[in-house]
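Just so it is clear, none of the values below were taken in a lab; they were calculated from the coordinates. Fair warning: this is a prediction, and the values are worked out from it, not measured in the lab. Every residue, glycine among them, receives a Cβ derived from its backbone with ideal geometry; neighbour counts consider all protein chains shown.
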Amino acid sequence: MGKDLAENSLKAREVFDKVDQICGKPISRLCFEGPMAELTLTDNLQPAITAVSLALLALLQEEGLQPDVSAGHSLGEYPALVASGVISAEDALSLVHERGRLMQREADLHPGGMVAVIGLAIHQVEDIVLSAKAKGIISIANHNSEQQVVLTGEKEALSAASKMVKEYGGKAIPLKVSGAWHSELMRGAVGEFREFMDPIPFFPPSSIMLFNATASSEKDPEAIKDIMASQLVNRVRWYEIMKNMLAEGVEVFAEVGPKNVLAGLLKKTAPKQSGIKIYNVDSLSSLKEFVASI
């Protein structure tokens, strides 16, 4: 991923060079060549995905495009912070490098997993979580769409919750992840990550940004640091964010970065005949198509 960007744009190449320098290892080579098993280790994958997203963002900015509203799903909040003027691209790469290191450390210390729940409403899943807590640590990691919710926590609690999901008439799908992201099992990383942020300059957003933990905006830089640290253990309120964007009249959405998962979730969330336009910007060719279209 991102190889076409690096080969055709000096600005993109600078982003990949910077991520290699910050991480002290060839993240760009893993992006372009793999192997997949090494790329998908959390402490490699977080800076890798962020680098691709930031390279695409740099090219969009080079075309004179700026967002009116930004949001990012979990890790994607860091490129969104750059898009909204809160932090620099270089600082975003430093933050996700440290974030990935801390999360992998906590995952090794406190093993857990994640399960996608399909076909149940959020209040039903919340009831299941309350019951499953008798078996261990468990919570909602992501509320992705009306009937797509991801659970996170200890294996025994997730197993109990999965049985209840089936009894409610939903589907429970174990996810291939190396840790229980957005759960209390990550609590040990929060304070350390917040301290890491202290010397990094955060600025008031130059455009609206909606945050995962609150589904609302925030202007105070210190409050934003607190939100980003607590994001490690808080729910990603993606469905609420998309509903808020639609309610505020956003008409053009561009998913910037690898794959098109968020575009698919938005299509499930937006009312039929809404007239909104959804674009994927994940390569040089799709970026050019997006710029030409708008």
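Here the relative contact order of the chain, from alpha carbon pairs under 8 Å that lie six or more residues apart, stands at 19 percent. Cα-based values for region 112-174, radius of gyration first and Dmax second, are 9.7, 27 Å. Placing unit charges on the Cβ atoms only, positive for Lys and Arg and negative for Asp and Glu, gives region 184-287 a dipole magnitude near 600 debye about its Cα centre.
With all pairs of different C-alpha atoms in the average, the Kirkwood value for the hydrodynamic radius of the chain is 19.6 Å. Spread over its residues, the convex hull of the C-alpha atoms of region 168-294 is 176 Å³ per residue. Using the average count of surrounding beta-carbon atoms within 10 Å as a protection proxy, the listed peptides 144-155, 44-55 rank, highest first, as 44-55, 144-155. Relative to one another, the C-alpha centroids of region 1-40 and region 216-240 are positioned 28 Å apart. If the chain linking Ser207 and Asp17 were pulled fully straight, counting 0.36 nm for each residue of separation and taking away their Cα-Cα distance, it would gain 65.6 nm.
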